[in-house]
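So the structure is just underneath, and the comments pick up after that.
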Amino acid sequence: MYNYENNLFIRHLGIEPWILTYEKMNNFTDQRNISTLDEIWMVEHTPVFTQGRTSEKKDILYINNKIPLFNSNRGGKITYHAPGQQLMYVLINLKKRNISIRILVSILEQTVINVLFYIGIKANRLLSNYNPGVYINNKKIASIGLKISKGCSLHGIAINVDMDLLPFSYINPCGLHQLKMTQIRDLVPNIKISIVKNLIINEFIKLLNKYSKI
(Lines give C-alpha, C1' and ligand atoms only; values in the text may rest on other atoms or scores of the structure.)
Protein backbone atom coordinates (compact mmCIF):
# COMPACT_ATOMS: atom_id res chain seq x y z
CA MET A 1 0.00 0.00 0.00
CA TYR A 2 1.39 3.40 -1.00
CA ASN A 3 0.75 6.46 1.15
CA TYR A 4 0.90 9.47 -1.14
CA GLU A 5 0.82 12.14 1.56
CA ASN A 6 3.97 10.89 3.22
CA ASN A 7 5.68 9.31 0.22
CA LEU A 8 6.12 5.86 1.76
CA PHE A 9 5.12 2.23 1.26
CA ILE A 10 3.27 0.17 3.87
CA ARG A 11 3.86 -3.56 3.56
CA HIS A 12 1.70 -6.15 5.33
CA LEU A 13 3.90 -9.24 5.71
CA GLY A 14 1.56 -11.39 7.80
CA ILE A 15 3.36 -13.96 9.98
CA GLU A 16 6.88 -14.93 8.96
CA PRO A 17 10.13 -16.11 10.60
CA TRP A 18 12.15 -13.30 12.16
CA ILE A 19 15.36 -14.26 10.31
CA LEU A 20 13.62 -13.86 6.95
CA THR A 21 12.35 -10.36 7.77
CA TYR A 22 15.75 -9.48 9.25
CA GLU A 23 17.59 -10.43 6.08
CA LYS A 24 15.10 -8.60 3.84
CA MET A 25 15.29 -5.50 6.01
CA ASN A 26 19.09 -5.36 5.93
CA ASN A 27 19.17 -6.00 2.18
CA PHE A 28 16.65 -3.19 1.63
CA THR A 29 18.79 -0.76 3.63
CA ASP A 30 22.05 -1.82 1.96
CA GLN A 31 20.54 -1.25 -1.48
CA ARG A 32 18.58 1.94 -0.87
CA ASN A 33 19.67 5.34 -2.14
CA ILE A 34 18.52 8.95 -1.88
CA SER A 35 15.51 8.32 -4.13
CA THR A 36 14.35 5.14 -2.35
CA LEU A 37 10.96 5.60 -0.71
CA ASP A 38 10.62 4.99 3.02
CA GLU A 39 8.70 1.88 4.07
CA ILE A 40 6.73 0.59 7.06
CA TRP A 41 6.61 -3.18 7.49
CA MET A 42 3.81 -4.69 9.59
CA VAL A 43 4.57 -8.25 10.64
CA GLU A 44 4.15 -10.92 13.32
CA HIS A 45 6.89 -13.48 13.91
CA THR A 46 6.94 -17.16 14.69
CA PRO A 47 8.33 -17.67 18.25
CA VAL A 48 11.90 -16.36 18.57
CA PHE A 49 14.31 -14.75 21.01
CA THR A 50 16.49 -11.99 19.57
CA GLN A 51 19.53 -10.37 21.16
CA GLY A 52 20.54 -6.77 20.55
CA ARG A 53 24.09 -5.44 20.39
CA THR A 54 24.35 -4.93 24.17
CA SER A 55 22.85 -8.29 25.21
CA GLU A 56 24.46 -10.22 28.04
CA LYS A 57 24.46 -13.96 28.76
CA LYS A 58 23.08 -13.38 32.26
CA ASP A 59 19.81 -12.17 30.74
CA ILE A 60 19.00 -15.69 29.52
CA LEU A 61 17.46 -17.35 32.58
CA TYR A 62 16.22 -20.59 31.02
CA ILE A 63 17.15 -22.34 27.78
CA ASN A 64 14.14 -23.42 25.72
CA ASN A 65 15.47 -25.38 22.76
CA LYS A 66 12.11 -25.20 21.00
CA ILE A 67 12.45 -21.43 20.55
CA PRO A 68 15.37 -20.28 18.38
CA LEU A 69 17.75 -17.55 19.55
CA PHE A 70 19.33 -15.10 17.10
CA ASN A 71 21.74 -12.20 17.34
CA SER A 72 20.56 -8.93 15.83
CA ASN A 73 22.28 -5.70 14.80
CA ARG A 74 19.66 -3.55 16.55
CA GLY A 75 20.29 -1.68 19.77
CA GLY A 76 19.10 -2.98 23.10
CA LYS A 77 19.21 -6.38 24.74
CA ILE A 78 17.17 -9.59 24.55
CA THR A 79 13.46 -9.82 23.78
CA TYR A 80 10.84 -12.28 22.58
CA HIS A 81 8.57 -12.25 19.52
CA ALA A 82 5.60 -14.49 18.73
CA PRO A 83 2.24 -14.39 16.93
CA GLY A 84 -0.13 -11.98 18.64
CA GLN A 85 2.62 -9.39 18.99
CA GLN A 86 2.43 -6.64 16.36
CA LEU A 87 5.74 -5.41 15.01
CA MET A 88 6.15 -2.24 13.03
CA TYR A 89 9.52 -1.96 11.31
CA VAL A 90 10.28 1.60 10.26
CA LEU A 91 12.67 1.89 7.32
CA ILE A 92 12.94 5.66 7.36
CA ASN A 93 15.53 8.03 5.87
CA LEU A 94 16.04 10.21 8.93
CA LYS A 95 18.50 12.48 7.18
CA LYS A 96 16.07 13.18 4.33
CA ARG A 97 13.18 13.82 6.74
CA ASN A 98 15.47 15.85 8.99
CA ILE A 99 14.53 14.06 12.20
CA SER A 100 16.87 12.66 14.86
CA ILE A 101 16.95 9.15 16.29
CA ARG A 102 15.68 10.60 19.56
CA ILE A 103 12.66 12.09 17.76
CA LEU A 104 11.96 8.78 16.01
CA VAL A 105 11.99 6.94 19.35
CA SER A 106 9.63 9.56 20.77
CA ILE A 107 7.30 9.19 17.76
CA LEU A 108 7.20 5.41 18.19
CA GLU A 109 6.45 5.67 21.90
CA GLN A 110 3.81 8.34 21.41
CA THR A 111 2.20 6.29 18.64
CA VAL A 112 1.54 3.42 21.05
CA ILE A 113 0.53 5.71 23.92
CA ASN A 114 -2.03 7.45 21.69
CA VAL A 115 -3.42 4.19 20.31
CA LEU A 116 -3.78 2.70 23.79
CA PHE A 117 -5.49 5.86 25.02
CA TYR A 118 -7.92 5.62 22.09
CA ILE A 119 -8.98 2.11 23.18
CA GLY A 120 -9.23 3.08 26.85
CA ILE A 121 -5.79 2.27 28.29
CA LYS A 122 -3.54 4.81 30.01
CA ALA A 123 0.14 4.18 29.29
CA ASN A 124 3.38 6.11 29.66
CA ARG A 125 7.13 6.23 29.13
CA LEU A 126 9.55 5.53 31.96
CA LEU A 127 10.82 8.91 33.07
CA SER A 128 13.31 7.62 35.61
CA ASN A 129 16.03 5.09 34.74
CA TYR A 130 15.15 5.70 31.10
CA ASN A 131 14.51 2.64 28.99
CA PRO A 132 12.75 3.12 25.64
CA GLY A 133 9.29 1.65 25.33
CA VAL A 134 5.77 1.98 26.67
CA TYR A 135 4.62 0.88 30.12
CA ILE A 136 1.37 0.33 32.00
CA ASN A 137 1.73 0.38 35.80
CA ASN A 138 5.47 -0.39 35.41
CA LYS A 139 4.74 -3.39 33.18
CA LYS A 140 6.09 -3.17 29.65
CA ILE A 141 3.67 -3.44 26.74
CA ALA A 142 5.83 -2.19 23.86
CA SER A 143 9.57 -2.47 23.22
CA ILE A 144 11.78 -0.47 20.86
CA GLY A 145 15.00 -1.53 19.16
CA LEU A 146 16.61 0.41 16.32
CA LYS A 147 19.70 0.58 14.16
CA ILE A 148 20.80 3.53 12.04
CA SER A 149 22.69 2.84 8.81
CA LYS A 150 23.55 5.49 6.22
CA GLY A 151 21.21 7.88 8.01
CA CYS A 152 18.32 5.40 7.73
CA SER A 153 16.52 3.44 10.44
CA LEU A 154 15.99 -0.31 10.66
CA HIS A 155 13.92 -2.38 13.10
CA GLY A 156 11.24 -0.60 15.12
CA ILE A 157 8.67 -1.35 17.80
CA ALA A 158 6.91 -4.48 19.08
CA ILE A 159 3.49 -4.17 20.75
CA ASN A 160 2.09 -7.05 22.82
CA VAL A 161 -1.52 -7.52 21.77
CA ASP A 162 -2.76 -11.08 22.26
CA MET A 163 0.11 -13.53 22.73
CA ASP A 164 1.59 -16.13 25.07
CA LEU A 165 3.70 -14.08 27.48
CA LEU A 166 5.25 -17.08 29.28
CA PRO A 167 8.55 -17.15 27.32
CA PHE A 168 9.30 -13.63 28.56
CA SER A 169 9.85 -15.29 31.96
CA TYR A 170 12.77 -17.25 30.45
CA ILE A 171 14.74 -14.01 30.01
CA ASN A 172 15.33 -10.59 31.53
CA PRO A 173 13.32 -8.69 28.91
CA CYS A 174 15.33 -5.75 27.58
CA GLY A 175 17.98 -6.69 30.15
CA LEU A 176 15.79 -5.55 33.04
CA HIS A 177 15.73 -7.94 36.01
CA GLN A 178 12.20 -8.85 37.16
CA LEU A 179 10.58 -6.68 34.48
CA LYS A 180 7.00 -7.84 33.97
CA MET A 181 5.38 -7.77 30.55
CA THR A 182 1.73 -7.12 29.79
CA GLN A 183 -0.50 -7.02 26.73
CA ILE A 184 -3.60 -5.31 25.42
CA ARG A 185 -5.78 -8.44 25.71
CA ASP A 186 -5.38 -8.44 29.51
CA LEU A 187 -7.00 -4.99 29.62
CA VAL A 188 -9.29 -5.10 26.58
CA PRO A 189 -10.26 -8.80 26.28
CA ASN A 190 -11.98 -8.65 22.89
CA ILE A 191 -9.23 -6.74 21.09
CA LYS A 192 -8.37 -7.76 17.52
CA ILE A 193 -4.80 -7.38 16.32
CA SER A 194 -6.04 -6.13 12.92
CA ILE A 195 -7.66 -3.13 14.63
CA VAL A 196 -4.50 -2.36 16.60
CA LYS A 197 -2.40 -2.67 13.45
CA ASN A 198 -4.47 -0.14 11.51
CA LEU A 199 -4.54 2.31 14.42
CA ILE A 200 -0.77 2.09 14.82
CA ILE A 201 -0.12 2.72 11.12
CA ASN A 202 -2.40 5.75 11.01
CA GLU A 203 -1.06 7.26 14.23
CA PHE A 204 2.58 6.72 13.28
CA ILE A 205 2.11 8.37 9.87
CA LYS A 206 0.35 11.32 11.48
CA LEU A 207 3.18 11.88 13.97
CA LEU A 208 5.89 11.27 11.37
CA ASN A 209 4.29 13.89 9.15
CA LYS A 210 4.12 16.29 12.11
CA TYR A 211 7.82 16.07 12.93
CA SER A 212 9.34 15.56 9.46
CA LYS A 213 10.87 18.60 7.81
CA ILE A 214 10.79 17.70 4.11
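Summary table
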| read-out | value |
| --- | --- |
| Boolean, Ile99 is part of a loop (DSSP other than H, G, I, E, B), β-branched (Val, Ile, Thr) and touching a Pro at 6+ places or on another chain (Cβ under 6 Å) | no |
| Only listed residue being surrounded by 14 or more Cβ atoms within 10 Å (Cβ to Cβ), more than 30 Å from Ile34 (Cβ to Cβ), touching a residue at least 12 places away in the same chain (Cβ under 8 Å) and aromatic (Phe, Trp, Tyr), chosen from Tyr135, Tyr62, Tyr89 | Tyr135 |
| Qualifying residue in segment 42-51 (condition: surrounded by 14 or more Cβ atoms within 10 Å (Cβ to Cβ) and either more than 25 Å from Ile184 (Cβ to Cβ) or acidic (Asp, Glu) (or both)) | yes |
| Odd one out for Thr182, checked against (1) modelled with pLDDT of 95 or more; (2) farther than 26 Å from Ile40 by Cα; (3) touching a Lys or Arg at 6+ places or on another chain (Cβ under 7 Å) | (2) |
| In segment 102-133, residue nearest to Leu8 (Cα to Cα) [restricted to those that are among the hydrophobic types (A, V, I, L, M, F, W, C) and part of a loop (DSSP other than H, G, I, E, B)] | Ile119 |
| Boolean, Tyr80 is assigned to a strand (DSSP E or B), in contact with a Gly (Cβ under 6 Å, 6 or more places away or on another chain), touching a residue at least 40 places away in the same chain (Cβ under 8 Å) and not β-branched (Val, Ile, Thr) | no |
| Residues located in segment 158-194, provided they are assigned to a helix (DSSP H, G or I), among the hydrophobic types (A, V, I, L, M, F, W, C) and surrounded by 15 or more Cβ atoms within 10 Å (Cβ to Cβ) | Phe168, Cys174, Ile184, Ile193 |
| Residue count, segment 65-85 (criterion: among the small types (Gly, Ala, Ser) and closer than 16 Å to Glu44 by Cα) | 2 |
| So Ser35, is it hydroxyl-bearing (Ser, Thr, Tyr), in a loop (DSSP other than H, G, I, E, B), crowded, with 17+ Cβ neighbours inside 10 Å and out of contact with any Leu (no Cβ under 8 Å at 6 or more places or on another chain) | no |
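Okay, residues lined up against (1) under 12 Å from the mean Cα position of the chain (by Cα); (2) at pLDDT 95 or above:
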position	(1), (2)
Ile40	yes, yes
Lys58	no, no
Ile63	no, no
Lys66	no, no
Leu94	no, yes
Arg102	no, no
Leu108	yes, yes
Thr111	yes, yes
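Here is a yes/no grid of residues against (1) within 23 Å of Thr50 (Cα to Cα); (2) in contact with a helix residue (DSSP H, G or I) (Cβ under 7 Å, 6 or more places away or on another chain); (3) of a type in the set (D, E, K, R):
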residue: Ile144; (1), (2), (3): yes, yes, no
residue: Ser169; (1), (2), (3): yes, no, no
residue: Asn172; (1), (2), (3): yes, yes, no
residue: Lys180; (1), (2), (3): yes, no, yes
residue: Leu187; (1), (2), (3): no, no, no
residue: Ile205; (1), (2), (3): no, no, no
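The values are calculated or read from the model by the stated rules, or taken from the named source; none is laboratory data. Values in this document were obtained by computation on a predicted structure and should not be read as measured data. Positions of Cβ are generated from backbone atoms using ideal geometry, with glycine treated the same way; all protein chains shown enter the neighbour counts.
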